[in-house]
């Protein structure tokens, strides 16, 4: 027998249109796949909340098993998942942008701590990069000032208003000598000639070049600190 009558829609169809069922004499279900699918769709719509609650309870009762299964699945399909994710985000860049923004907002403190640790541990790498691209950075800064004259002028006026000027060599030598080559932020040793003079209260936030606002710090801490105050910076350093 190659055909069968569906008891639901009363239509004779090929056996391939019926799901297999070993409890039936001919080994196939009594209703066709299309009718079964339509029935399940209607049933699920009518019992959505009930099924949602059942699913929630199941996940709660089998949390450890589900976690282990997902871990093993990810381990078995690393390359496929990476390839799928890369292609998906290439096709949906707006989704990736929204997702990354939401993640950053939710994990901002953790993200800052991770960045702080990375920059401190790779200070030499960043310094080498800046040295290799010194001329490019100068050209970029010059072009930026030409393209944004108002912003550049406002920044200069802000520095003048704060009383920020050149720091004399004598002041720098005194600061370096008093530091004993120990970074006050991380407590690490500063190799000779590798430290930075830092404005503890950034110029952009009203800091001046008075001796009391200057510190000799390691390159990593200075690069990571940026426009933060000392208190803000240290709050995110492990």
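The values are calculated or read from the model by the stated rules, or taken from the named source; none is laboratory data. All values derive from a computational prediction rather than experimental measurement. All Cβ positions, even for glycine, are placed from backbone atoms using ideal geometry, and neighbour counts span all protein chains on display.
Taken over the stretch 192-225, the residue count meeting the criterion of being within 23 Å of residue 115 (Cα to Cα) and at pLDDT 85 or above is 19.
How many residues does the stretch 140-176 hold that are part of a helix (DSSP H, G or I) and modelled with pLDDT of 80 or more? Quick ask: steps written out before the conclusion?
Going through the stretch 140-176, the residues part of a helix (DSSP H, G or I) turn out to be 140-147, 149-161, 169-176.
Applying the additional criterion that residues be modelled with pLDDT of 80 or more yields 140-147, 170-176.
The qualifying residues number 15.
Say whether the condition of being out of contact with any strand residue (DSSP E or B) (no Cβ under 8 Å at 6 or more places or on another chain), in contact (Cβ under 8 Å) with a residue 24 or more places away in the chain, within 27 Å of residue 170 (Cβ to Cβ) and surrounded by fewer than 19 Cβ atoms within 10 Å (Cβ to Cβ) is met by at least one residue in the stretch 214-222. Checking the stretch 214-222: not a single residue is out of contact with any strand residue (DSSP E or B) (no Cβ under 8 Å at 6 or more places or on another chain), in contact (Cβ under 8 Å) with a residue 24 or more places away in the chain, within 27 Å of residue 170 (Cβ to Cβ) and surrounded by fewer than 19 Cβ atoms within 10 Å (Cβ to Cβ).
Of all residues in the stretch 185-238, those satisfying the criterion of being in contact with a helix residue (DSSP H, G or I) (Cβ under 8 Å, 6 or more places away or on another chain) and in a helix (DSSP H, G or I) are 203, 204, 211, 219, 220, 221, 223, 224, 225, 233.
Within the stretch 171-178, can one find any residue that is within 26 Å of residue 121 (Cα to Cα), surrounded by 19 or more Cβ atoms within 10 Å (Cβ to Cβ), assigned by TED's automatic domain parsing to the domain that holds residue 126 and free of Cβ contacts under 8 Å to residues at least 40 places away in the same chain? If you could, list the steps in order and put the result at the bottom.
Step one: of the stretch 171-178, the residues within 26 Å of residue 121 (Cα to Cα) are 172, 175-178.
Add one more test, that the residue is surrounded by 19 or more Cβ atoms within 10 Å (Cβ to Cβ), and what stays is none.
Within the stretch 171-178 (the criterion being within 26 Å of residue 121 (Cα to Cα), surrounded by 19 or more Cβ atoms within 10 Å (Cβ to Cβ), assigned by TED's automatic domain parsing to the domain that holds residue 126 and free of Cβ contacts under 8 Å to residues at least 40 places away in the same chain), the answer is no, since none of the residues qualifies.
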